[in-house]
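Here is the structure we will look at.
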Amino acid sequence: MSLILSSSLDTQAQSRLYVLNQSDNLSTQLHAIAQSEAFDADILAKEFKADLKETFSFYTAQAQKVFFLGLGKNADSAQVIKALRYFFHHQKTRIAAKIDIIVSSLNLEQLEWVANGIVLGQYNSKLYKTESETPSEVFGENGQITLVTGELFGENAQNLVDKGIATAETQMEIFDLMNAPANKKTPRVLCDWAVASAQKFGYVAHIIDRPALEKDGFEALLAVGQGSEHDPAMIVVEYRFPLPQKTIGLVGKGVTFDTGGISIKSSTNMHLMKSDMGGAAAVLGTVELAAKLKLPIHIIGVVPTCENAVDAKSFKPSDVIGSYLGKTIEIIDTDAEGRVILADGLGYMVKNYKTDYLIDLATLTGSCISTLGYHAAGLFTNNDQLATRLSNAGSHTGERLWRLPLWDLYKEDIASDIADVKNYSGKPMAGAISAAKFLEVFTENHTNWAHLDIAGTAFGDTEFVPSRAGTAFGIRLLIDFIEGVL
């Protein structure tokens, strides 16, 4: 499939799609379209109001199918992307190989979102199905999608479309990674993915394997992973633009499957714990996309990855373990393992790199889901300017954040009698906050640190599958944030 820009219609296209905002001059636009398509203007105005995701279609006298898709009024980027993604996902086997998409009534910024949504519409989550599906002509080898812009957009239009396509391609890779089951997604698979991506897009990937973890004292990561037959690892990826303007450190939780360990989870929905590497996915996807877009930035991504499994060698409640920074941790609950491996990830970052910003992402707590549901991630930081920048990026991309407190009043929840800190408060309240306070201990007072709890947003309801699936949450958010600090 190719997606191209053109100022005029392709005479060989078998169908057309008009994408329209619910603007004040909608009736004028519809009247002009009806006239050009030789269709009754009154019927079109009656049947199509351009509400968000609203569709309408008819056939011309030449047997060409004409579609309409509404974007509503003042739709944000996420709504536009989802409208296009939903349309193409459900129509991909019904659309002929060549289609014109008329976007001349949209604004310039919306072009990126439209391109992103179109490409995402081809995603197929049926990774391991043996029965073949009806092939899609438009997304096949000979498919051609033409964005017809008229004469309204300048040379920036192509750059925005290219960015939308590049973003979608990375997002779909992350969808596959998130949706893969535990037996197809071990820590080694994450390592191999990072190395392959780095080789393809021109950045650096370094894997710290078990012998090196033991030698250098990554005791927290080793403790969580010791119950699994699959060795833990620390993935370090680094993209550096020549003479970068800023250095950003990203740390992502990479638990490829979480049983809860000795503090074992209920079997209900445990299969969804294949998604407990959503933070790692966001970090790896962001670094890849930054490299593809050649952003003038220096990014270091650190991903501690392991399985939290049940075995005679598993770490246990009451254990006291060390960490990369030398701080000791009392284990109260082995199902609070994500923060434990992040302790070594954050510790490695602050000890070995000087960063202007330090952001960690993790599918960390059910408490955050109880607080915010599935439509926003929790934001924790003591830096008001950083909070504003991240929140603005979230609003702009539709990957929303909501700030929660990080007051020192909550320090007592992680105070241990026998170690420097304990990994769980044991209280049925403020769980997301106490987890963030735990992580703060391992940031060495970094003044521009933020923690994003993406437990409710990394794996959610999508049109791709009837149950929950990977969302690639965090990639567009972080890229927007990075572009905003340049």
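Laboratory data are not the source of any read-out in this text; all were calculated from the coordinates shown. Just so it is clear, the structure is predicted and the values come from calculations on it, not from any experiment. Quick reminder, even Gly has a Cβ in these numbers, built from the backbone with ideal geometry, and neighbours come from all protein chains shown.
Computed as a quarter of the hull surface, the mean projected area of the alpha carbon convex hull for the stretch 328-486 stands at 9.7 nm². Taking 20 Å as the straight-line reach from the Cα of K46, the aspartates and glutamates in range (excluding those fewer than 8 positions away in the same chain) are D24, E37, E54.
As a ratio to 2.2 N^0.38 Å, the alpha-carbon radius of gyration for the stretch 287-365 is 1.34. Here the spin labels are modelled as points 7 Å beyond Cα on the Cα-Cβ line, and at T328 and H31 they lie 8.1 nm apart. Within the straight-line cut-off of under 14 Å between alpha carbons, the aspartates and glutamates reachable from K313 are E229, D231, sequence neighbours fewer than 8 places apart in one chain being disregarded. The string of couplings for the stretch 314-322 from the Karplus curve (6.51, -1.76, 1.60, θ = phi - 60°) is 4, 5, 10, x, 5, 4, 10, 10, x Hz, one whole number per residue in order, with x for Gly and Pro.
Backbone geometry of the stretch 204-211 corresponds, through the Karplus equation with coefficients 6.51, -1.76 and 1.60 at θ = phi - 60°, to 3J(HN,Hα) couplings of 10, 10, 10, 10, 9, 8, 3, x Hz, x marking Gly and Pro.
The local environment of S197, defined by Cβ-Cβ distances under 11 Å, has a net charge of -1 under the rule Lys, Arg +1 and Asp, Glu -1.
Taking amide hydrogens as placed 1.01 Å from N in the peptide plane, the amide H of L364 sits under 5 Å from those of I454, A455, each at least 5 positions away in sequence or on another chain.
Calculate, for E169 and S104, the FRET efficiency according to 1/(1 + (r/R0)^6) with r their C-beta to C-beta distance and R0 30 Å; round to the nearest 0.05. Efficiency for this residue pair is about 0.70. Compared with the dominant principal axis of the Cα atoms in the chain, helix 278-293 is inclined by about 50°.
Every helix of 4 or more DSSP H residues in the chain counts as -39500 (n - 2.57), and over all residues that averages to -11000 deg cm²/dmol at 222 nm. Size of the stretch 2-151: Rg and Dmax of its alpha carbons, in Å, are 15.2, 50.
Which links in K185/K246; K327/K427; K129/K253; K82/K294; K246/K427; K316/K351 stretch past 31 Å when you go from one Cα to the other?
Too far apart for the 31 Å limit: K185/K246; K246/K427.
When the expected Rg is taken as 2.2 N^0.38 Å, what fraction or multiple of it is the alpha-carbon Rg of the stretch 429-476? Taking N as the residue count of the stretch 429-476, the ratio is 1.53. Helix 156-179 and the long axis of the chain differ in direction by around 50°, with both axes built from C-alpha atoms.
Remark: spin-label model distance H90-I4 equals 3.1 nm, labels positioned 7 Å along the Cα→Cβ axis. Spin-label model, Q22/S267: points 7 Å from Cα along the beta carbon direction are separated by 4.7 nm.
For the chain, the convex hull spanned by the alpha carbon atoms encloses 152 Å³ per residue.
Compute the signed sum of charges (Lys and Arg +1, Asp and Glu -1) over the other residues within less than 12 Å, Cβ to Cβ, of L213. Computed value for this residue: -4.
Placing a label point 7 Å from the Cα of A196 along the Cα-to-Cβ line, the residues of the stretch 158-172 whose backbone N sits under 17 Å from it are 169-172.
Sites listed here are trypsin sites (Lys or Arg not before Pro) in the stretch 63-94 whose DSSP assignment is loop and whose Cβ has at most 15 other Cβ atoms within 10 Å: K73, R94. The length gained on full extension between N183 and D51, counted as 0.36 nm times the residue separation minus their Cα-Cα distance, comes to 43.2 nm.
Could you work out the longest stretch of the chain that avoids the GluC sites (Glu not before Pro) located in DSSP loops with at most 12 other Cβ atoms within 10 Å?
230-486
Of the Cα atoms belonging to the stretch 394-486, the radius of gyration and Dmax stand at 16.4, 49 Å. In the chain the longest region clear of chymotrypsin sites (Phe, Trp or Tyr not before Pro) that are loop-assigned by DSSP and have at most 10 other C-beta atoms within 10 Å covers 129-406. Across the stretch 324-341, coupling constants 3J(HN,Hα) worked out from phi with the 6.51/-1.76/1.60 Karplus curve, θ = phi - 60°, read 4, 7, x, 6, 9, 10, 8, 8, 9, 9, 6, 7, 9, 8, x, 5, 5, 6 Hz, and Gly and Pro carry x. Using only alpha-carbon positions in the stretch 166-258, the gyration tensor eigenvalues give semi-axes of 24, 19, 11 Å once each is multiplied by 5 and square-rooted (largest first).
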